[in-house]
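The values are calculated or read from the model by the stated rules, or taken from the named source; none is laboratory data. Worth saying up front: this structure is predicted, and the values here are computed from it rather than measured. Glycine also receives a Cβ, built like all others from the backbone with ideal geometry; neighbour counts cover every protein chain displayed.
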Amino acid sequence: LSEYHLVEGGKNLTKIDPSVPLPLYLSVFGLTGSTAYYGTVEILEVKKGDVFVVNAASGACGTVAGRIAKLRGAFVVGITSEGSKGEHIKKKYGFDEVINYKDYPNFEEFSKILKEKCPNGIDKYFDNVGGYQTDAVLKLLNKNGRIAVCGQISYYNSEPHFPKFTLAETIYKAIRIEGFVVSDFYSKPGYLNCLKEMSEWVKSGQLLSDDTIFKGFEEIPNAFLSLFSGNKLGKVIIQL
Ligand SMILES: NC(=O)c1ccc[n+]([C@@H]2O[C@H](COP(=O)([O-])OP(=O)(O)OC[C@H]3O[C@@H](n4cnc5c(N)ncnc54)[C@H](OP(=O)(O)O)[C@@H]3O)[C@@H](O)[C@H]2O)c1
């Protein structure tokens, strides 16, 4: 942690609208909201009729990605833990189907439920998690399917995962897999569209967010660990 942040010549600052609730500048208009937009709109080019799957779906990137895909007319399937989180994202963000991956803890069981939820296959996959979830999605991807690799949180704290597929899987179905990092987005023309479109959606009430606020400096470790336990909803924010 740094104790101060030096700004030179007013560069890299964004003027904010004080009428907008401040936490939104850390969620929807912050790093995770831009990540969701970049992956969903620019990389996956989600369109009407697509079957769109996102995991860590009740999190900061996942809720926004799922909502944007819904606003673009996709059939949206979210993967998260706990029934209450699934019901919440259906109600608040309009997810069409949800899967609690903890009920399907291996490739075989997860593949079966995924096929039930996506009987017509999958067109676009926003991957926050990796591991056996991605193995199962890859088998169900339709022709010209796309994967945006946003994160691989399932093995940030464990051994690397060795996929159950080879790249041969991508050939006949012309599958495109693209990793991305949101900082590359800030210098692209699409970033201005992102800010404009996201503001319109927020103002019209079509894009909402959830914040889990931890209060106090001493809560920083708990806030960080909640990302791995999943013991939170939406964006984790620390209020000092
Ligand atoms: N590429 C980029 O530029 C970029 C930018 C920001 C974030 N990211 C990545 O995007 C992902 C989401 O970030 P976020 O900030 O929005 O976090 P988040 O989704 O708000 O929080 C992480 C969520 O991941 C799920 N999770 C944790 N461990 C898991 C496991 N072993 N298996 C399955 N799910 C697990 C938990 O939700 P459940 O309740 O669903 O288990 C947890 O709430 C992360 O992988 C992060 O590294 C990438």
Picked from region 19-42 (must be β-branched (V, I, T) and at pLDDT 95 or above), the residue surrounded by the fewest Cβ atoms within 10 Å (Cβ to Cβ) is V41
Taking region 181-205 on its own, how many of its residues are touching a helix residue (DSSP H, G or I) at 6+ places or on another chain (Cβ under 6 Å) and either among the small types (G, A, S) or not in a helix (DSSP H, G or I) (or both)? 1
Can you tell me how many residues in region 26-41 are more than 12 Å from the ligand (Cβ to nearest atom) and either outside any loop (DSSP other than H, G, I, E, B) or touching a strand residue (DSSP E or B) at 6+ places or on another chain (Cβ under 8 Å) (or both)? 2
Looking only at region 216-240, how many residues end up being more than 22 Å from P18 (Cα to Cα), more than 9 Å from the ligand (Cβ to nearest atom) and not polar (S, T, N, Q)? 9
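Residue under question is F214, and the condition is that it be out of contact with any Gly (no Cβ under 9 Å at 6 or more places or on another chain), outside any loop (DSSP other than H, G, I, E, B) and either surrounded by 10 or more Cβ atoms within 10 Å (Cβ to Cβ) or at pLDDT 95 or above (or both); does it hold? Talk me through it step by step, then tell me what you get.
Working: out of contact with any Gly (no Cβ under 9 Å at 6 or more places or on another chain): yes; outside any loop (DSSP other than H, G, I, E, B): yes; either surrounded by 10 or more Cβ atoms within 10 Å (Cβ to Cβ) or at pLDDT 95 or above (or both): yes.
For F214, the condition - out of contact with any Gly (no Cβ under 9 Å at 6 or more places or on another chain), outside any loop (DSSP other than H, G, I, E, B) and either surrounded by 10 or more Cβ atoms within 10 Å (Cβ to Cβ) or at pLDDT 95 or above (or both) - is met.
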Residue list for region 114-134, restricted to those being away from the ligand (no atom under 13 Å from the Cβ) and touching a helix residue (DSSP H, G or I) at 6+ places or on another chain (Cβ under 8 Å): L114, K115, C118, G121, I122, K124, Y125
Select, from V64, V54, V46, the only residue that is among the hydrophobic types (A, V, I, L, M, F, W, C), surrounded by 13 or more Cβ atoms within 10 Å (Cβ to Cβ) and in a loop (DSSP other than H, G, I, E, B). V46
Look at Y172 and say whether it is more than 24 Å from I68 (Cβ to Cβ) and surrounded by 19 or more Cβ atoms within 10 Å (Cβ to Cβ). no
